[in-house]
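Undergrad: This is the structure, below, for whatever I ask next.
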Amino acid sequence: MKKMILTVMLAVLTTFGSQLSACTNFIVTKGASKDGSTFLTYSADSHTLYGELYYWPARDYPTGTVMDVIEWDSGKFLGQIPQVNHTYQVVGNMNEHQLAIGETTYGGLDQLGDPNGIMDYGSLIYITLQRAKNAREAIKILSELMDAYGYASSGESFSIVDPNEAWIFELIGKGKELKDAKGKTLKGWTKGAVWVARRIPDGFVSGHANHARIMTFPLTNGKTSITNRELSKIFNPEVETVYAHDVISFAKIAGLYPATAPDAEFDFAGTYAPLDFGGARGCEARVWAFFNHCDTKLMAPYEKYARGEDLKSKERMPLWIKPVQKIGVRDMMLFMRDHYEGTSMDMTQDLGAGPFACPYRWRPMTWSVDGQNYVHERATATQQTGFSFVAQCRSWMPDKIGGIYWFSVDDAASTCYVPMFVGITSVPLAFREGNGSMVEYSATSAFWTFTKVSNFAYSRYKDMIKHINAKQDYWEIGAINEIAQKEKEWVALYQKDTVAAINQINDYSNHKAEQVVADWNKLFEYLLVKYNDGNVKKEENGKFKTNGERKPQAVFPDQPKYPDYWYRMIVKDCGTKIQAPQEQSH
């Protein structure tokens, strides 16, 4: 019995660990935002991913041109497909028409991995961004690409957002070719993927974080719900659900859903990615944290669910909720900096945070001591982030000015979001591809600049993060206010002289990136001087205090004590070995 329990627990921990390598998406519809924008956040979390800004200018191609499909994660060549005659400009994960796509990997059932195809999830995203103008067109293109060329990744959740709508699109491959006992291909098996896409109702927010979230869904009625065999209807605004025609039948022939079970009760996530402790605690908990910011009262009963406790007796968390208050672009930035503060999973409150309340835990995330298994929390803000963004889509403005790709590299909690308009014609040097790598330091790289600050801050977090937060406020709120003042002028110029307007927003984005990265280098220098050797130098009128001599020496620094609970832990560990005699009074 003990062996069986250990095997089950190890399987849960393995699942938890496997779902910690990817990303977080939060989605806000225009009716839920303060100014009518739609928002999409994304963090590309990986211990090996370098933070840089991808860029594809719009291009024209002669008929008959082919393009290579290169796997995003590995750089592996997967195959070739025909190129379209015209591609749209793409800045990161957002194109010139204000279409933005993000993703999180949920993996799903092992037997559906290693599917037969050449379209990996990264290629699907970036090829679709170069070919689609809006969310509905993106869904159509994604479906067509997978049908034609097959799928090459594990289970994925996509966020697809344009200036008017927001969708969740969840897919999983069909594994290797399914065969019966005689080795013949099972009737009904085809290459590609099974998937469901749902429009998020206006006025609501949603999200996903490495676990499938679409459960039951409306079956096709030819009006509000259609299959991929009816894609000609997708541009009808009444359509709110689209799915692969074989999403249920495939599950039945693969033995994943009972052949006699009602189609109306089919649960996509429950079938293709059954929820377990790891899926809840390591993944769903991040969505819960976002929802908790939007409606604390509604989410309070789901905290134990997020912790992975007694999942069988509790209903799944809603796919979307209505926030109590409207959400702004700065709110989205702050949501991406969450470490479960104020909840039972607050990463600043236990001994793992050290004496300076550091909300980070180094890998591995699962560990065992004295025969008992444990986990560290996997929060939204995490140290291994390559890049993150807040995509802001604004329907009332020209696309190239209305779309703002607020971009950052490294840990979202200690970096700064810089506004990159989707109409820019050049990428700032600090964000440019090829400027440094994970194994090559570059003094002009934003990634290494922000990493210097974040890694130093982890050593005395509760003190240094205050300085970082002040810089974030200055640059992010400052840019939001600046843009609000300048955009009317830019729009008016755009209507008269499009090229001149584009040049202005390009210069603005490039200059802002240059300013922020330069200031973050200064911030690193300041923190290094102020907190050198565990001391804290005194300041007066914004300058370090000195003794006034010709050769300045710092006034003797403060040397703050550790918290009492930390001293008690040291005493408990060392006991009499470090005990000193009581001072005698005289």
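What follows draws every value from the coordinates through simple rules; no lab data is involved. Owing to the predicted nature of the structure, the values given are computational and were not obtained by experimental measurement. Every residue, glycine as well, gets a Cβ built from its backbone with ideal geometry; the counts of neighbours run over all protein chains shown.
Undergrad: I'd like to know which of Gln392, Leu319, Tyr360 lies farthest towards the positive end of the charge dipole of segment 298-402, counting +1 on Cβ of Lys and Arg and -1 on Cβ of Asp and Glu.
TA: Highest projection toward the positive end goes to Gln392.
Undergrad: For the chain, what is the convex hull volume of its Cα atoms per residue in Å³?
TA: 213 Å³
Undergrad: Which pairs, out of Lys466/Lys572; Lys462/Lys545; Lys471/Lys551; Lys174/Lys252, put more than 24 Å between their alpha-carbon atoms?
TA: Where the Cα-Cα span goes over 24 Å, the pairs concerned are Lys466/Lys572; Lys471/Lys551.
Undergrad: Let me ask something else about it. Under unit Cβ charges (Lys, Arg +1; Asp, Glu -1), what dipole magnitude, rounded to 20 debye, does segment 397-534 have relative to its Cα centre?
TA: 200 debye
Undergrad: In straight Cα distance, which aspartates and glutamates are under 20 Å from Lys530, not counting same-chain residues fewer than 8 positions off?
TA: Partners within reach: Asp463, Asp519, Glu539, Glu540, Glu549, Asp558.
Undergrad: Counting Lys +1, Arg +1, Asp -1, Glu -1, what net charge surrounds Leu40 among other residues with beta carbon under 11 Å of its beta carbon?
TA: Cβ neighbours under 11 Å give a net charge of -2.
Undergrad: While we're on this one: What are the extents of the Cα atoms of segment 24-126 along their three principal axes, listed from largest to smallest and rounded to whole Å?
TA: Projected onto the principal axes, the Cα atoms of segment 24-126 cover 45, 40, 25 Å.
Undergrad: Please list, or write none, the aspartates and glutamates whose alpha carbon is within less than 13 Å of the alpha carbon of Lys223, excluding same-chain residues fewer than 8 places away.
TA: Straight-distance partners of Lys223: Glu238, Glu240.
Undergrad: In percent, what relative contact order does the chain have, based on Cα pairs under 8 Å that are 6 or more apart in sequence?
TA: 14 percent
Undergrad: Okay, next question. Arranged from highest to lowest average of other beta-carbon atoms within 10 Å per residue, in what order do the peptides 213-226, 156-169 appear?
TA: 156-169, 213-226
Undergrad: Taking the square root of 5 times each eigenvalue of the Cα gyration tensor, what semi-axes in Å does the equivalent ellipsoid of segment 457-586 have, largest first?
TA: 50, 20, 11
Undergrad: Please give the net charge around Gln495, taking every other residue with its beta carbon less than 14 angstrom from that of Gln495, where Lys and Arg add +1 and Asp and Glu add -1.
TA: My count for the surroundings of Gln495 gives -1.
Undergrad: Can you compute the charge dipole magnitude of the chain about its Cα centre, using +1 on each Lys and Arg Cβ and -1 on each Asp and Glu Cβ, nothing else charged? Give it in debye, rounded to the nearest 20.
TA: 580 debye
Undergrad: Still on this structure, please answer the following. Segment 297-371 to segment 190-253: how many Å between their Cα centroids?
TA: 29 Å
Undergrad: From zero up to wherever the largest Cα-Cα distance of segment 251-403 sits, split into 5 Å bins and tell me the percent of pairs in each.
TA: Once binned at 5 Å, the Cα pair distances of segment 251-403 give 2, 7, 13, 16, 16, 15, 11, 9, 7, 3, 1, 0, 0.
Undergrad: Helix-only mean residue ellipticity at 222 nm, the chain, DSSP H runs n ≥ 4 weighted -39,500 (n - 2.57), per residue, nearest 500. What is it?
TA: Estimated from H runs of four or more residues: -9000 deg cm²/dmol.
Undergrad: Shifting gears a bit: Work through the residues other than Ile570 whose Cβ is under 13 Å from its Cβ and net out their charges, Lys, Arg +1 and Asp, Glu -1.
TA: +2
Undergrad: Okay, next question. At 0.36 nm per residue, and after removing the present C-alpha to C-alpha distance, how many nm does the segment from Asp295 to Ala580 gain when stretched out fully?
TA: Contour length minus Cα-Cα distance gives 97.4 nm.
Undergrad: Follow-up. Using a Cα-Cα cut-off of under 17 Å, which lysines could be cross-linked to Lys496, ignoring same-chain neighbours fewer than 8 residues away?
TA: By straight Cα distance, Lys496 reaches Lys400, Lys486, Lys488.
Undergrad: Taking every alpha carbon pair in segment 326-464, what does the distance histogram look like in 5 angstrom bins from 0, in percent?
TA: 2, 9, 15, 18, 17, 15, 11, 8, 4, 2, 1, 0, 0
Undergrad: So, one more: Which ³J(HN,Hα) values, rounded to whole Hz and listed in residue order, are derived for segment 81-90 from phi using the Karplus coefficients 6.51, -1.76 and 1.60 in 6.51 cos²θ - 1.76 cosθ + 1.60 with θ = phi - 60°, glycine and proline given as x?
TA: 9, x, 8, 7, 5, 9, 10, 8, 5, 10
Undergrad: Kirkwood Rh, segment 397-534, all Cα pairs: how many Å?
TA: The answer is 16.0 Å.
Undergrad: I've got another one for you. Could you list the square roots of 5 times each eigenvalue of the Cα gyration tensor of segment 220-278, that is, the equivalent ellipsoid semi-axes, sorted largest first and rounded to whole Å?
TA: Semi-axes from the Cα gyration tensor: 25, 14, 9 Å.
Undergrad: Now, a different point. When you count, for each residue, the other Cβ atoms within 10 Å and take the mean per peptide, how do 267-274, 313-320, 571-578 rank with the highest first?
TA: So the order, starting with the most tightly packed, is 267-274, 313-320, 571-578.
Undergrad: To one decimal place, what Kirkwood hydrodynamic radius in Å is obtained for segment 516-568 from all pairs of distinct Cα atoms?
TA: Result for segment 516-568, one decimal place: 13.0 Å.
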